[in-house]
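Presented below is the structure to which this report refers.
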Amino acid sequence: MENKITQLRKGILELAVLGSLHHGSHYGYSLIRTISGESELDITEGTIYPILSRLLKEELIKAEWVESNQGPPRKYYSLTPKGERAYEILSAEFSKLAATVAHAGKKPEKSSSEEEKKVLEVKKEAKDGE
Amino acid sequence: MANDFSEPVAKIVENYLMRLKQHLRGLPEKDQQELIKEIHSHIYESFREDSTENEVDRILKVLDKLGEPADVISSRMSPAMVQMGKKKKLPLYILAGVAIALFGVPLGLSGISILLALFITILALLASYYLIAGSLLVCGWIGMIVSILVLINPSLLDGLGPYVQFPSLSSDLTLNAILSLVVSAILSIVGIVLLWLGKYAIRGIKFLFNLTLEKIRGFRKRRRPQVQYA
């Protein structure tokens with residue numbers, strides 16, 4: 001199960017990266033802090049870097065090295081116009097999907113047609129048979 | 001590189017970055033440097049924010065959260081892909097394409113045997129390739145040396161009889177020697193270029209080899225009973 005959760009998180013992480021950058025530029029570490037919020041992020045922090053490099057290659061984000069007043073320079077990422085558009089489309093799609101998933105997880109209140117009832121019965125039988 | 005840290009911490013960071021660098025072989029030097037620099041920056045920032053008292057404990061915690069070098073590079077690409085990096089050389093691409101095409105389909109034993117056959121064929125091709133490159137190089141060198149000797153002493157080969165013939169490209173002996181020198185030089189340059197190109201071929205072979213091994217391992221794993229999710 002743990003594996004499945006990780007997989008799901010990783011898929012969403014890409015959207016979270018675009019979302020954070022939508023609000024302002026970030027370097028890798030600050031991006032992780034922003035996404036995970038106050039809590040410690042459960043996924044391995046390093047996994048953000050392959051995502052960033054993929055987004056760079058797709059030209060959804062751009063990067064720039066900026067001197068830090070403390071310590072080594074930081075690589076700041078920000079959205080490109082193409083990235084802004086991608087974020088809008090993806091986040092709208094995500095809301096739709098999330099709504100669908102939430103709905104699908106609920107018990108059907110009324111099965112309107114005979115056919116639907118039949119399907120449910122068959123499913124039940126299959127379950128009982130296990 | 002890791003000189004922003006105290007001695008023992010710097011050692012640990014350096015060791016980590018070194019292991020990271022090993023995973024990056026095959027990538028262009030510039031990309032390698034860039035990623036190393038970025039991860040170094042990450043480690044620095046993460047280290048600065050953590051409040052663990054003991055510095056060694058702190059750096060170990062930071063690196064643990066960051067994950068293994070393989071995680072930093074990619075969680076999705078197979079190690080062979082990572083090794084191959086971003087170099088998109090055409091012959092490599094074709095090889096990789098064939099391998100991936102075989103692999104996109106759920107791979108059975110037949111796929112593996114095809115890969116193995118392909119691998120052996122490529123090895124044979126590679127061997128003959130190097131043989132040609134090597135002999136071109138050697139012939140070129142010998143030709144150059146002989147040409148220079150003849151330039152110095154035109155009658156050098158006269159006494160050697162019909163078995164050692166100097167090619168007559170021109171009636172003028174000196175010009176002839178110079179021409180042979182040039183031809184020999186070209187031959188050896190071609191040899192060197194072939195040898196140099198060979199390293200890409202080697203990289204392709206390595207990639208295929210890793211891919212094959214991975215697939216065989218994956219195949220054996222798939223046959224074991226799977227753990228079911230609740």
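Before moving on, here are some points about what is shown:
- Selection of region A:1-24 for residues being in contact with an Asp or Glu (Cβ under 8 Å, 6 or more places away or on another chain) and modelled with pLDDT of 90 or more yields only A:HIS22.
- If you go through region B:40-51 and keep only what is assigned to a helix (DSSP H, G or I) and in contact (Cβ under 8 Å) with a residue 12 or more places away in the chain, you end up with B:HIS40, B:HIS42, B:ILE43, B:TYR44, B:SER46, B:PHE47.
- Scanning region A:63-85 finds no residues that are under 14 Å from the mean Cα position of the chain (by Cα) and at pLDDT 85 or above.
- Residues in region A:50-81 that are in a helix (DSSP H, G or I), away from chain B (no Cβ under 12 Å) and either under 21 Å from B:GLN32 (Cβ atoms) or touching a residue at least 24 places away in the same chain (Cβ under 8 Å) (or both): A:LEU55 only.
- In region B:1-39, the residues that are part of a helix (DSSP H, G or I) and more than 28 Å from B:LYS206 (Cβ to Cβ): B:GLU7, B:PRO8, B:VAL9, B:ALA10, B:LYS11, B:ILE12, B:VAL13
- Yes/no for B:LEU60 being at pLDDT 90 or above, more than 11 Å from chain A (Cβ to nearest Cβ) and over 17 Å from A:TYR49 (Cα atoms): yes
- Of all residues in region B:64-82 being modelled with pLDDT of 65 or more and more than 7 Å from chain A (Cβ to nearest Cβ), the one that is nearest to B:ARG217 (Cα to Cα): B:ALA70
- On the stretch given as region B:126-138, residues that are of a type in the set (A, V, I, L, M, F, W, C) and surrounded by 15 or more Cβ atoms within 10 Å (Cβ to Cβ) total 4.
- Summed over region B:31-53, residues that are out of contact with any strand residue (DSSP E or B) (no Cβ under 9 Å at 6 or more places or on another chain), among the polar types (S, T, N, Q) and surrounded by 14 or more Cβ atoms within 10 Å (Cβ to Cβ) total 2.
The values are calculated or read from the model by the stated rules, or taken from the named source; none is laboratory data. The shown structure was predicted, so the numbers you read here are calculated from the model rather than taken from an experiment. In this analysis, Cβ positions are derived from the backbone assuming ideal geometry, glycine residues included, and neighbour counts consider all displayed protein chains.
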